[in-house]
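A quick write-up on the structure given underneath.
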Amino acid sequence: MGGADRKEEAEHPLKSTVPISSDENIVAARQNGRALALQLGFSSTDLVLITTAISELARNILLYAKRGEILLEIVSDNGRKGIIVVARDSGPGIANVDRALQPGFSTSGNLGLGLPGVRKLMDDVRILSRVGEGTTVTATKWKR
Amino acid sequence: MEVPILKQGSYLIATIQTALHDSDMLQLRDALVTKVGRFRSRGVIVDVTSMDVMDSFSSRTLRDIAHMIRLRGAEMVIVGIQPEVAFAMVQLGLMLEDVPTALDLEEGLSFLNQRMRIPWVGQTEKKKQSTL
């Protein structure tokens, strides 16, 4: 059984990492995320919500940190399955995470929709950030 | 990939066919703003039927294009926003503000025709040709 699992894993990767350093990478991250979510059988509406969230998170990396990476992974927890999107950068970091999560807040003059927008698209969004060290945003969407 | 722009009578029709990079969107903006003058177009239709994601950048750029087209004296309508995309846009709080939208190309053309009070685009073209 283990062998069969491994074979399946080889054919359908459960995770993917996309380096983000230009706007072309945003499209790649989105497409990889869509492929993973499709594999899990997400509804077409959820597919769009997930890909839009990936797009916004990747855009945030370009906007604030110039470069970073998007990690996409299929996870399961107590029988439910979902997709985790991790946006990681070594940029300037977020001074006030609570404030960054408030609707309408943006330090870039509302260029992106910021983290409150991503929060509406995904089920769970967590932020780890240190000023001068970087930011890691972990967003999860569970399959209903 | 460059977005093809079709001239149809006094209208320009831009059909977005693949996942666009940011630079492609900006290229589309520049091309439309220029061509609307070159062809003396009265209306522009941007067909987004194939777009599976409308994020903050693409919606802001489309809004900007519509405003620029209006400043150039023409009218722009966005057609073909898919149901799932509309759902995500509302969730995200994305607004196209005063930019007109229509269900599909057909509705978009009839919207522009009403605005321009032209019976049918193709017909006016034919008339022009016959008087030449």
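Table for the structure above
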{"quantity": "DSSP loop GluC sites (Glu not before Pro) with at most 12 other Cβ within 10 Å: longest gap in chain B", "calculated": "B:3-96"}
{"quantity": "Check: region B:5-131 dipole with +1 on Lys, Arg Cβ and -1 on Asp, Glu Cβ, in debye", "calculated": "1000"}
{"quantity": "Stokes-Einstein translational diffusion, the protein assembly as shown - Kirkwood Rh over all Cα pairs, 1.002 mPa s, 20 °C, in µm²/s", "calculated": "105"}
{"quantity": "Aspartates and glutamates with Cα under 18 Å of A:LYS15, excluding same-chain neighbours fewer than 8 positions away", "calculated": "A:ASP5, A:GLU69, A:GLU73, A:ASP77"}
{"quantity": "DSSP-defined beta bridges in region B:5-131 - what % are antiparallel, rounded to 5", "calculated": "25"}
{"quantity": "Estimated Rh, chain A: Kirkwood, alpha-carbon pairs, angstrom", "calculated": "15.5"}
{"quantity": "Amide hydrogen neighbours beyond the local backbone of B:ALA19, cut-off 5 Å, H modeled", "calculated": "none"}
{"quantity": "Cα coordinate range in region B:40-91, projected on the principal axes (Å, largest first)", "calculated": "35, 17, 13"}
{"quantity": "Kirkwood hydrodynamic radius of region B:25-118, from inverse mean 1/r over distinct Cα pairs, in Å", "calculated": "13.5"}
{"quantity": "Cβ-placed point charges (K, R +1; D, E -1), dipole of region A:14-142 about Cα centre in debye, nearest 20", "calculated": "60"}
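Computed from the coordinates by the stated procedures, all read-outs in this text should not be read as laboratory data. This one's a predicted model, so the numbers in the text were calculated from it and none came from an experiment. Neighbour counts are summed over all protein chains in view; Cβ atoms, including those assigned to glycine, are modelled from backbone coordinates with ideal geometry.
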